[in-house]
Amino acid sequence: MKLHLSRADGLNLIKAYEDDSIRVNGIDYAGNLVVLPEQLLQDWTQATAETLTADDLRPLLDLQVEVILLGTGPRLRFPPPQLLQPFLRQGIGIEVMDRPAACRTYNFLLGEDRRVALALLLQA
(Lines give C-alpha, C1' and ligand atoms only; values in the text may rest on other atoms or scores of the structure.)
Protein backbone atom coordinates (compact mmCIF):
# COMPACT_ATOMS: atom_id res chain seq x y z
CA MET A 1 0.00 0.00 0.00
CA LYS A 2 1.31 3.45 -0.86
CA LEU A 3 1.23 6.23 1.73
CA HIS A 4 1.43 9.97 1.21
CA LEU A 5 2.33 12.87 3.49
CA SER A 6 2.24 16.45 2.31
CA ARG A 7 5.38 17.77 4.05
CA ALA A 8 8.66 15.91 4.07
CA ASP A 9 11.35 18.41 5.14
CA GLY A 10 14.02 15.78 4.43
CA LEU A 11 12.69 13.40 7.09
CA ASN A 12 12.31 9.63 6.81
CA LEU A 13 8.82 8.96 5.51
CA ILE A 14 7.15 5.62 4.96
CA LYS A 15 6.22 5.69 1.28
CA ALA A 16 4.81 2.14 0.98
CA TYR A 17 4.72 -1.24 2.66
CA GLU A 18 4.15 -4.82 1.60
CA ASP A 19 3.93 -8.06 3.57
CA ASP A 20 7.70 -8.47 3.67
CA SER A 21 9.17 -5.02 2.97
CA ILE A 22 8.84 -1.32 3.60
CA ARG A 23 9.80 1.66 1.45
CA VAL A 24 11.38 4.62 3.23
CA ASN A 25 12.06 7.65 1.02
CA GLY A 26 12.10 5.50 -2.12
CA ILE A 27 14.37 2.73 -0.77
CA ASP A 28 13.00 -0.73 -0.01
CA TYR A 29 14.03 -2.57 3.18
CA ALA A 30 13.32 -6.22 3.95
CA GLY A 31 14.97 -6.69 7.36
CA ASN A 32 13.83 -5.57 10.79
CA LEU A 33 14.56 -1.89 11.24
CA VAL A 34 13.89 1.18 13.32
CA VAL A 35 12.78 4.32 11.49
CA LEU A 36 13.39 7.67 13.17
CA PRO A 37 12.69 11.04 11.58
CA GLU A 38 16.37 11.61 10.74
CA GLN A 39 17.93 8.16 11.13
CA LEU A 40 17.45 4.50 10.16
CA LEU A 41 18.72 1.62 12.28
CA GLN A 42 18.93 -1.35 9.93
CA ASP A 43 19.09 -4.93 11.17
CA TRP A 44 17.96 -3.79 14.61
CA THR A 45 17.19 -7.38 15.62
CA GLN A 46 16.79 -10.81 14.07
CA ALA A 47 13.74 -11.55 16.25
CA THR A 48 10.19 -12.18 15.20
CA ALA A 49 7.16 -11.13 17.21
CA GLU A 50 7.18 -14.57 18.85
CA THR A 51 10.90 -14.56 19.75
CA LEU A 52 11.27 -10.92 20.86
CA THR A 53 13.27 -10.53 24.10
CA ALA A 54 14.22 -7.73 26.49
CA ASP A 55 17.67 -7.67 24.84
CA ASP A 56 16.03 -6.97 21.48
CA LEU A 57 14.06 -4.04 22.90
CA ARG A 58 16.83 -2.56 25.08
CA PRO A 59 18.38 -0.40 22.27
CA LEU A 60 15.00 1.31 21.81
CA LEU A 61 15.19 2.74 25.34
CA ASP A 62 18.07 5.03 24.31
CA LEU A 63 16.38 6.64 21.28
CA GLN A 64 15.22 9.79 23.11
CA VAL A 65 11.71 9.69 21.68
CA GLU A 66 8.36 10.21 23.33
CA VAL A 67 6.65 7.25 21.67
CA ILE A 68 7.71 4.02 19.99
CA LEU A 69 5.42 2.25 17.55
CA LEU A 70 6.18 -1.47 17.49
CA GLY A 71 4.95 -3.00 14.24
CA THR A 72 4.63 -6.75 14.77
CA GLY A 73 3.94 -7.80 11.20
CA PRO A 74 0.87 -8.16 9.03
CA ARG A 75 -1.22 -8.87 12.11
CA LEU A 76 -1.13 -7.60 15.69
CA ARG A 77 0.87 -9.80 18.08
CA PHE A 78 1.46 -8.54 21.61
CA PRO A 79 4.80 -9.28 23.26
CA PRO A 80 4.76 -10.42 26.90
CA PRO A 81 3.81 -7.45 29.12
CA GLN A 82 7.06 -7.62 31.11
CA LEU A 83 8.99 -6.67 27.95
CA LEU A 84 7.17 -3.33 27.83
CA GLN A 85 7.63 -2.41 31.51
CA PRO A 86 11.04 -0.67 31.07
CA PHE A 87 9.44 1.79 28.63
CA LEU A 88 6.69 2.67 31.07
CA ARG A 89 9.22 3.17 33.88
CA GLN A 90 11.15 5.65 31.70
CA GLY A 91 8.00 7.48 30.61
CA ILE A 92 8.30 6.34 26.98
CA GLY A 93 5.04 5.45 25.29
CA ILE A 94 5.12 2.17 23.41
CA GLU A 95 2.25 1.16 21.17
CA VAL A 96 2.03 -2.31 19.67
CA MET A 97 0.32 -2.40 16.27
CA ASP A 98 0.18 -4.41 13.09
CA ARG A 99 2.54 -3.15 10.38
CA PRO A 100 -0.05 -1.19 8.34
CA ALA A 101 -1.33 0.70 11.39
CA ALA A 102 2.20 1.35 12.67
CA CYS A 103 3.31 2.80 9.31
CA ARG A 104 0.28 5.07 9.01
CA THR A 105 0.58 6.24 12.61
CA TYR A 106 4.32 6.95 12.24
CA ASN A 107 3.70 9.24 9.23
CA PHE A 108 0.85 10.95 11.04
CA LEU A 109 2.89 11.62 14.20
CA LEU A 110 5.87 12.71 12.12
CA GLY A 111 3.62 15.23 10.40
CA GLU A 112 2.76 16.62 13.85
CA ASP A 113 6.50 17.07 14.66
CA ARG A 114 6.36 14.40 17.36
CA ARG A 115 9.50 12.61 18.54
CA VAL A 116 8.51 9.15 17.27
CA ALA A 117 10.27 5.91 16.40
CA LEU A 118 8.90 3.08 14.31
CA ALA A 119 10.34 -0.33 15.22
CA LEU A 120 9.32 -2.83 12.57
CA LEU A 121 9.53 -6.60 12.65
CA LEU A 122 9.58 -7.46 8.96
CA GLN A 123 11.05 -10.95 9.23
CA ALA A 124 8.65 -13.86 9.60
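The values are calculated or read from the model by the stated rules, or taken from the named source; none is laboratory data. Since this is a predicted model, take the numbers as computed values, not measurements. Note that we place each Cβ from the backbone using ideal geometry, even for glycine, and neighbour counts take in every protein chain shown. For accessibility, only protein heavy atoms count, side chains too; no ligands or nucleic acids. Shrake-Rupley method; radii C 1.70, N 1.55, O 1.52, S 1.80 Å.
Per residue, the average separation of C-alpha pairs within less than 8 Å and at least 6 apart gives the chain a relative contact order of 31 percent.
For the stretch 9-124, the solvent-accessible area of protein heavy atoms averages 50 Å² per residue (probe radius 1.4 Å; ligands and nucleic acids excluded). Here the dipole of the stretch 1-115 is about 280 debye; that uses its Cα centre as origin and unit charges on the Cβ of Lys and Arg (positive) and Asp and Glu (negative). Relative to the longest principal axis of the Cα atoms of the chain, the long axis of helix 99-111 lies at roughly 60 degrees.
Taking only DSSP H segments of four or more residues, each worth -39500 (n - 2.57), what value at 222 nm results for the chain once the sum is divided by all its residues, to the nearest 500 deg cm²/dmol? It lands at -6000 deg cm²/dmol. Computed over neighbours whose Cβ is under 15 Å from that of Leu60, the net charge equals -3, Lys and Arg +1, Asp and Glu -1.
In the chain, the C-alpha radius of gyration followed by the widest Cα-Cα span (Dmax) gives 13.2, 38 angstrom.
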